[in-house]
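A.B. asks: Let me give you the structure first, and then I'll get to my questions.
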Amino acid sequence: RAFTTPSDLFEALKHAYITPIANIDLSTSLDHQLQFQLRKQRVINVLKLWLGQHSADFFNPTKQSRDLLNGLHVFIREHISKDLPRHAVLLTRLYHRMDPAKRPLASYEGAPEPDPREKKHARVVNITTYGSLEVARQLCIVSHEFFCKIEPKELLGLAWTKPDRNTQSPNVINMIHRSNTVSNWVTASILTESGTKKKVKMFEKFIDIGNHCLALNNYNSLMEIFAGLQHTNVLRERKQWLEENLISIRYAEQIEEWCTLLIANNKRGLRERLAKRPTPCVPFLGLYLTDILHIEEGNKNSVDGLINFRKCSMLAASLKEIQWFQEVPYKLIPVQELQEYIRFTDGTTSPRAKHIEQKSVESEINFLNNKSLSLTSRDSTADMFDERIGMWIDWCEKMSGIEKVSY
């Protein structure tokens, strides 16, 4: 998509399949017949790869996708089925397997049973109704659902930063706003508690949830929780709690461990974990947005009038990694009432959340990128705890759009 369109690519593939090699009489040369057959095989291989890894180009509810899919049906029927019937059958099977309308429903066989309510008779579901593990499980389900909706085309050309981002990258924008909402929820849930002991208990609850998210490879929700805990007012309260020995030191140390994993050395710890391809997994989306921004800004689309395939290869590597994590779902059973709560279907996280306003996506991503670069340029052995915390306070306020309100 950086240099062509799906319809143009399909027409080029059809032309390569149908049109014989120039100035060659295939009826008199066995060698050239074999070359032409080999070219047909390569066209079919490209179609298989395209349909298998980028099926959204064919199954989107748009006129372009419908035309592309109809063209593929005609091409298989009128050409491939006559020349290479076995490959025509394989392409047809692949098409049916990738069709979202024909995919099997999710199976929960072998999934752990949801934990029961901790507050059995509570009329209103909230963060304390269920245990930390079950809340983390439901966060995994919801986060993976948002993550899987992101299509590769939404990440090309920095589409999520453009004025028409809501139409060009709707699912990226939805996930960014989802992250903002979760961070706001974490902050508001702590600060709106009526007493110090309740605030401390809520703070510890979110750290326990974050640890379960880490164990479940849900790094995006872990980052959301971490950002919410780094809000200025939460840090001020935490400092007082530590001075008064109201909070265990292990919880404070846990925050620093997350900081090392999620931030330090250009997120080296997180990158090492993701390099092992743990599945199921929800990686931190901001990591890929930052990497793609670097690739787009640091490399030209063309070099000496030719397509810069080195840039295309780097973009493809990032997109391929995202698709890898999208393919394997969590085998967890949804808890309907808890899902409704953490999806924030009522449009807010607390009465105080009315004070929260969204910032522009451009400023969110650019701010995160600049801070990431600042951290990366420092000596990795230096003690950057205070500086990192300060940067992430600012980042949290930018990403969440939290105005400095008095709780």
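The values are calculated or read from the model by the stated rules, or taken from the named source; none is laboratory data. Because the structure is a prediction, the values reported are computed rather than measured. Cβ coordinates were reconstructed from backbone atoms using ideal geometry, including for glycine residues, and neighbour counts include every protein chain displayed. Surface areas here come from the heavy atoms of the whole protein model, side chains and all, with no ligands, DNA or RNA. Shrake-Rupley method; radii C 1.70, N 1.55, O 1.52, S 1.80 Å.
A.B. asks: How far apart, in nm, are two points set 7 Å out from the Cα along the Cα-to-Cβ line at Leu246 and at Gln53?
C.D. replies: 5.4 nm
A.B. asks: Continuing with this model, one more query. In nm, give the distance between the simple-model label positions of Arg117 and Asp83, each being 7 Å from the Cα along the Cα-to-Cβ direction.
C.D. replies: Going from the Arg117 label point to the Asp83 one covers 6.4 nm.
A.B. asks: Further question on the same structure: How charged is the neighbourhood of Ala111? Take every other residue with its Cβ under 12 Å from the Cβ of Ala111, and add Lys/Arg as +1 and Asp/Glu as -1. Display every interim value, and only then the final one.
C.D. replies: Numbers: positive: Arg137, Lys331; negative: Glu109, Glu113.
For residues surrounding Ala111, the net value is 0.
A.B. asks: Probe radius 1.4 Å, ligands and nucleic acids ignored: give me the carbon and sulfur share of the accessible area of region 6-98 as a rounded percent.
C.D. replies: Details: 3220 of 5590 Å².
The computed percentage sits at 58.
A.B. asks: Then there's this: In Å², and per residue, what accessible area does region 6-98 have when probed at 1.4 Å with the other protein chains present?
C.D. replies: Working: 5590 Å² over 93 residues.
That works out to 60 Å² per residue.
A.B. asks: Label Ser194 and Val328 with points 7 Å out from Cα along Cα→Cβ: what is the distance between them in nm?
C.D. replies: It works out to 4.6 nm between the two label points.
A.B. asks: Once amide H atoms are placed 1.01 Å from N in the peptide plane, what residues at a sequence separation of 5 or more from Asn218, or on another chain, have their amide H within under 5 Å of its amide H?
C.D. replies: Sorted by chain and number, the residues that satisfy this are Val282.
A.B. asks: What is the gain in length, in nm to one decimal, between Ser7 and Asp304 on full extension, counting 0.36 nm per residue of separation less the C-alpha to C-alpha distance?
C.D. replies: Details: separation 297, 0.36 × 297 = 106.92 nm, distance 2.61 nm.
104.3 nm is the gain from fully extending Ser7 to Asp304.
A.B. asks: Given the convex hull over the Cα atoms of region 6-98, what projected area results after averaging over all orientations, in nm²?
C.D. replies: Working: hull surface 24.1 nm².
Result: a mean projected hull area of 6.0 nm².
A.B. asks: Work from the charge dipole of region 6-98 (Cβ charges, +1 for Lys and Arg, -1 for Asp and Glu, about the Cα centre) and give the residue of Ser55, Gln35, Asn45 farthest towards its positive end.
C.D. replies: Selected residue: Ser55.
A.B. asks: Enumerate the calculated ³J(HN,Hα) couplings along region 304-310 in order (Karplus 6.51 cos²θ - 1.76 cosθ + 1.60, θ = phi - 60°), each rounded to whole Hz, writing x wherever the residue is Gly or Pro.
C.D. replies: Once θ is set to phi - 60°, the couplings for region 304-310 become 6, x, 10, 4, 7, 6, 5 Hz.
A.B. asks: With the other protein chains left in place, how much accessible area per residue, in square angstrom, belongs to region 252-303 at a 1.4 angstrom probe? Display every interim value, and only then the final one.
C.D. replies: Details: 2260 Å² over 52 residues.
Per residue, region 252-303 has 43 Å² of solvent-accessible surface.
A.B. asks: So the label point goes 7 Å from the Cα of Thr128 along Cα→C-beta, right? Which residues of region 233-255 then have their backbone N under 14 Å from it?
C.D. replies: The answer is none, because no backbone nitrogen lies closer than 14 Å to the label point.
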